[in-house]
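Undergrad: Sending over a structure as structure tokens; questions will come in a sec.
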Amino acid sequence: MQSTENKIKEWVIKQRRGKIFFTNDLQNFGSSGAVRLSLFRLCKEGFLTRLSAGIFVYPKYSKFLGEYINPSIEEIAKAIAKNEKIRIIPTGLYALNVLGLSTQVPMRVVFLTDGTPRAIKLKGEVAIILKKTIPKYLSFKSEITTLVIFALKEIGNGKVLDSELQRIKEVLSHEKPEIIKHDAALAPQWITETLLKLIENG
């Protein structure tokens, strides 16, 4: 009979490199104690990497860097959302960075969610914050317009530069106008007006 450790290792090897998984994915391989001990051993030998409590990755090797790399905060957050069957929306500095409006890489990313609000530590530091939000913010249809809306909220009313508006206009050109209008209607009034102006002048 295979040990819990061997069962987990065999299952992980069948996954793609970079696969993020959770303790509850392994509950059929043994008792909770046996699973925890097996994960500890597999991390110690370098086969797996522990990202946070109950969250692990089968690390991917970067030939460019010459080392194993961890997934991005966004990849981890999306994996958590999928595992918990919740919705998440990125906000603030993260939205600015993704859109190319800022070169600053946030060390702590806030996601709005309909799930349980909490802080998630990566490498011992709080890196992901899940914050409860109102239902309308989970009704956006487009990832592009969602990022734009929260980037504008971060910049602030009356503080958006012409160069930033030009970049946002370029980003919005990849989305259908009717979807932009739908999402714009859910945003604060000044953002609604900004988005509509951008697509009308497009």
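Undergrad: Scan the range 16-37 and give yes if some residue there is under 28 Å from Ser3 (Cα atoms) and of a type in the set (Asp, Glu), otherwise no.
TA: Yes.
Undergrad: Might you check whether a residue that is more than 17 Å from Lys153 (Cα to Cα) and either of a type in the set (A, V, I, L, M) or in contact (Cβ under 8 Å) with a residue 24 or more places away in the chain (or both) occurs anywhere in the range 99-107?
TA: Taking every residue of the range 99-107 in turn, at least one turns out to be more than 17 Å from Lys153 (Cα to Cα) and either of a type in the set (A, V, I, L, M) or in contact (Cβ under 8 Å) with a residue 24 or more places away in the chain (or both).
Undergrad: Same structure again: What is the residue count in the range 149-188 for residues that are farther than 11 Å from Ile199 by Cβ, among the aliphatic types (A, V, I, L, M) and surrounded by 14 or more Cβ atoms within 10 Å (Cβ to Cβ)?
TA: 9
Undergrad: Next question. Just give me the residues in the range 153-189 being under 18 Å from Leu138 (Cβ atoms), touching a helix residue (DSSP H, G or I) at 6+ places or on another chain (Cβ under 6 Å) and not in a loop (DSSP other than H, G, I, E, B), in sequence order.
TA: Ile180, Asp183, Ala184 - these are the residues of the range 153-189 that are under 18 Å from Leu138 (Cβ atoms), touching a helix residue (DSSP H, G or I) at 6+ places or on another chain (Cβ under 6 Å) and not in a loop (DSSP other than H, G, I, E, B).
Undergrad: Could you list, in sequence order, the residues of the range 47-85 that are outside any strand (DSSP E or B) and either of a type in the set (A, V, I, L, M) or more than 25 Å from Met107 (Cβ to Cβ) (or both)?
TA: Passing the criteria: Phe47, Leu48, Ala53, Lys63, Leu65, Ile73, Ile76, Ala77, Ala79, Ile80, Ala81, Lys85.
Undergrad: Which one of these does Ile120 not meet: (1) without any contact (Cβ under 8 Å) to a residue 60 or more places away in the chain; (2) farther than 29 Å from Ile180 by Cβ; (3) of a type in the set (A, V, I, L, M)?
TA: Evaluating Ile120 over (1) without any contact (Cβ under 8 Å) to a residue 60 or more places away in the chain; (2) farther than 29 Å from Ile180 by Cβ; (3) of a type in the set (A, V, I, L, M) leaves (1) as the failure.
Undergrad: Go through Arg41, Arg16 for me and flag whichever is outside any helix (DSSP H, G or I), out of contact with any strand residue (DSSP E or B) (no Cβ under 6 Å at 6 or more places or on another chain) and within 15 Å of Phe56 (Cβ to Cβ).
TA: Result of the check over Arg41, Arg16: Arg16.
Undergrad: Tell me, which residue of the range 105-125 that is β-branched (Val, Ile, Thr) and surrounded by 13 or more Cβ atoms within 10 Å (Cβ to Cβ) is nearest to Leu51 (Cα to Cα)? Quick ask: steps written out before the conclusion?
TA: Within the range 105-125, the subset β-branched (Val, Ile, Thr) is 105, 109-110, 113, 116, 120.
Applying the additional criterion that residues be surrounded by 13 or more Cβ atoms within 10 Å (Cβ to Cβ) yields 109-110, 113, 120.
Values: Val109: 16, Val110: 18, Thr113: 21, Ile120: 10 Å.
Looking at the filtered set, the residue picked out is Ile120.
Undergrad: Here are Ser139, Ser102: which of them is in contact with a helix residue (DSSP H, G or I) (Cβ under 8 Å, 6 or more places away or on another chain), over 20 Å from Leu48 (Cβ atoms) and of a type in the set (Ser, Thr, Tyr)?
TA: Going through Ser139, Ser102 in turn, just one is in contact with a helix residue (DSSP H, G or I) (Cβ under 8 Å, 6 or more places away or on another chain), over 20 Å from Leu48 (Cβ atoms) and of a type in the set (Ser, Thr, Tyr): Ser102.
Undergrad: Going through the range 23-38 one residue at a time, which ones are buried (at least 18 other Cβ atoms within 10 Å of the Cβ) and not in a helix (DSSP H, G or I)?
TA: Once the filter is applied, which keeps residues that are buried (at least 18 other Cβ atoms within 10 Å of the Cβ) and not in a helix (DSSP H, G or I), the range 23-38 yields only Gly30.
Undergrad: While we're here: Residue check: is Ala95 touching a Ser or Thr at 6+ places or on another chain (Cβ under 9 Å), assigned to a helix (DSSP H, G or I), hydrophobic (A, V, I, L, M, F, W, C) and surrounded by 15 or more Cβ atoms within 10 Å (Cβ to Cβ)?
TA: yes
Undergrad: Look through Thr23, Thr91 and report the one residue that is closer than 19 Å to Phe111 by Cα and either under 18 Å from the mean Cα position of the chain (by Cα) or modelled with pLDDT of 95 or more (or both).
TA: Details: Thr23 fails: closer than 19 Å to Phe111 by Cα.
When all the criteria are applied, what remains is Thr91.
Undergrad: Restricting to the range 41-63, name every residue that is among the polar types (S, T, N, Q) and either closer than 18 Å to Leu122 by Cα or out of contact with any Phe, Trp or Tyr (no Cβ under 9 Å at 6 or more places or on another chain) (or both).
TA: Matches in the range 41-63: Thr49, Ser52.
Quick grid of which residues meet (1) among the aliphatic types (A, V, I, L, M); (2) without any contact (Cβ under 8 Å) to a residue 24 or more places away in the chain:
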site: Arg36; (1), (2): no, yes
site: Arg50; (1), (2): no, yes
site: Gly54; (1), (2): no, no
site: Ile73; (1), (2): yes, no
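The values are calculated or read from the model by the stated rules, or taken from the named source; none is laboratory data. None of these values were measured; they are calculated from a predicted model. Positions of Cβ are generated from backbone atoms using ideal geometry, with glycine treated the same way; all protein chains shown enter the neighbour counts.
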